[in-house]
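Below you'll find the structure, written out as structure tokens, and then a few comments.
What follows draws every value from the coordinates through simple rules; no lab data is involved. These numbers come from a predicted model, not from an experiment. Don't worry about glycine lacking a Cβ; one is built from the backbone with ideal geometry, like all the others, and counts go over all protein chains shown.
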Ligand code: FAD
């Protein structure tokens, strides 16, 4: 049997909840379908020591300020999970957990949402599936002959799992720096390989500043002024306390990227070699958009072209939270509120015509 609703929101992480908050305020009938069996989106799967790069109040969704975490300026992932679980309950958002959306396809005037728990018919769909489900690992020569363990950021939990191992962490972004710092501070035998020398943001720059800079960039682009390059001009790595501690203790030195893996380790262009038991790929993510394939909207780099949050060529579909291409700072806790509001308004308008 097919269930009917005005809007299906695919994904119940922060982006899906922010969309739900605004749809509810506009009186739109909607359902959120979320593959995870518990609230919290990707935050419930991150490593133990992960810290937000902004204080709690600057990591809030619309309507409810994130309370401070006692004793912590920068909250941990567990605190975000608690906040999102409370948010879902507080606003009585209709989230069905443990439902995997397999396909969204056009069905006359409506969209058909196919899941592992039956089908839905909706007038509009918000896709808010994040990136955590699509880890990216680059095609490095020798990757298939390395006999040790290889894992991606998504599978890393704590340094104790790597005690007595030789570990190579690959990647010079925030995940790479935080995981390398976590291992280094725990005394694990670490090699950190980055494509270019790590670029730390100044110690007094955190997510608050990044959000302001991203907003200013969007404004400049909207007004046809010169591209400021936004946060990319400031650096790549937010110096959260553990990263700063490891860097200042001199245990966070990076090597250039190796040229290939061997059966037992990695080799660099100058001929040097490091033996390794484990490679941790902190090499990013891609948007999880496989369920939208039947709509045939994906362009170069796997993105779907959008006008704001609305998919170009499919006015019944909005995308939220994947990155700046779906709204300024849309892939952050504080930044998703505004694009979520815009998406909900456009959807309400579409449904009323
Ligand atoms: P997610 O949290 O990934 O939620 C997506 C939801 O969709 C999940 O619950 C998943 O189960 C569900 N889903 C996926 N596919 C399907 C499907 N086919 N059917 C049904 N459900 C599906 N942002 C900040 O503001 N501050 C930070 O400090 C910060 N730190 C970050 C650190 C890391 C390591 C990473 C990776 C990101 C960080 N971000 C940070 C960015 C961003 O806030 C997070 O990535 C956040 O999880 C994005 O929320 P989301 O709701 O868009 O996606």
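Report the extension gain between residue 103 and residue 349 in nm, rounded to one decimal, defined as 0.36 nm multiplied by the number of residues separating them, less their alpha carbon distance. Numbers along the way, then the final one.
Values: separation 246, 0.36 × 246 = 88.56 nm, distance 2.48 nm.
Separation in residues times 0.36 nm, less the Cα-Cα distance, equals 86.1 nm.
Over 17 Å apart: what share of the alpha carbon pairs of the stretch 252-299 falls there, rounded to a whole percent? Could the numbers behind the result be given before it?
Working: 618 of 1128 pairs.
Tail fraction, whole percent: 55.
Using a Förster distance of 30 angstrom, determine the FRET efficiency expected from the C-beta separation of residue 277 and residue 72, and round it to 0.05.
0.40
To the nearest 0.05, what FRET efficiency results for residue 48 and residue 119 with a Förster distance of 56 Å applied to their C-beta separation?
On the way: r = 39 Å, r/R0 = 0.69.
The formula returns an efficiency of 0.90 here.
Taking 7 Å along the Cα-to-C-beta vector as the label spot, tell me the residue 1-residue 144 distance in nanometres, rounded to one decimal.
According to this spin-label approximation, the distance is 4.9 nm.
Could you work out [θ]222 nm for the chain from helices alone, using -39500 (n - 2.57) per DSSP H run of at least four and dividing by all its residues? Round to the nearest 500 deg cm²/dmol.
Working: 6 runs with 78 residues, N = 353.
Roughly -7000 deg cm²/dmol at 222 nm, from the helical runs in the chain.
So between residue 293 and residue 151, what do we pick up on full extension, going 0.36 nm a residue minus the alpha carbon distance? Each step should come with its number before you reach the end.
Numbers: separation 142, 0.36 × 142 = 51.12 nm, distance 2.71 nm.
Here the answer is 48.4 nm.
Any idea what the relative contact order of the stretch 67-177 is, in percent, if you count C-alpha pairs under 8 Å spaced at least 6 apart? Working shown, then result.
Working: 60 pairs, mean separation 11.6, N = 111.
With pairs under 8 Å counted, the relative contact order is 10 percent.
At what distance in nm do the modelled label points of residue 163 and residue 25 sit from each other, each positioned 7 Å from its Cα along Cα→Cβ?
Taking the two extended label points, one gets 4.9 nm.
Using only the Cα atoms of the chain, build the gyration tensor, take square roots of its eigenvalues as a ≥ b ≥ c, and label the shape rounded, prolate or oblate: rounded if a/c is under 1.5, else prolate if a/b is larger than b/c, else oblate. Don't jump to the answer; show the numbers that get you there.
On the way: a/c = 1.85, a/b = 1.63, b/c = 1.13.
It comes out prolate by the Cα gyration axes.
Name the residue, out of 144, 76, 342, whose mean-square fluctuation peaks in a Gaussian network model built on the chain with Cα pairs under 10 Å.
Its mean-square fluctuation being the largest, the pick is 144.
Give me the number: length gained by fully extending residue 260 to residue 96, i.e. 0.36 nm times residue separation minus the C-alpha to C-alpha distance, one decimal in nm.
Working: separation 164, 0.36 × 164 = 59.04 nm, distance 4.46 nm.
So the extension gain works out to 54.6 nm.
If one takes the longest principal axis of the Cα atoms in the chain, at what angle in degrees, from 0 to 90 and to the nearest 10, does the Cα axis of helix 174-185 lie?
So the helix axis and the longest Cα principal axis differ by about 40 degrees.
Relative contact order for the stretch 1-111 using alpha-carbon pairs under 8 Å, separation at least 6, rounded to a whole percent? Could the numbers behind the result be given before it?
Numbers: 163 pairs, mean separation 35.4, N = 111.
Here the relative contact order equals 32 percent.
Which angle from 0 to 90°, rounded to the nearest 10, does the C-alpha axis of helix 207-222 make with the longest principal axis of the chain?
Roughly 60 degrees, rounded to the nearest 10.
Using only the Cα atoms of the stretch 272-352, build the gyration tensor, take square roots of its eigenvalues as a ≥ b ≥ c, and label the shape rounded, prolate or oblate: rounded if a/c is under 1.5, else prolate if a/b is larger than b/c, else oblate. Please list the in-between numbers first.
Values: a/c = 3.64, a/b = 2.05, b/c = 1.78.
Prolate is the answer for the stretch 272-352, as a/c is 1.5 or above and a/b outweighs b/c.
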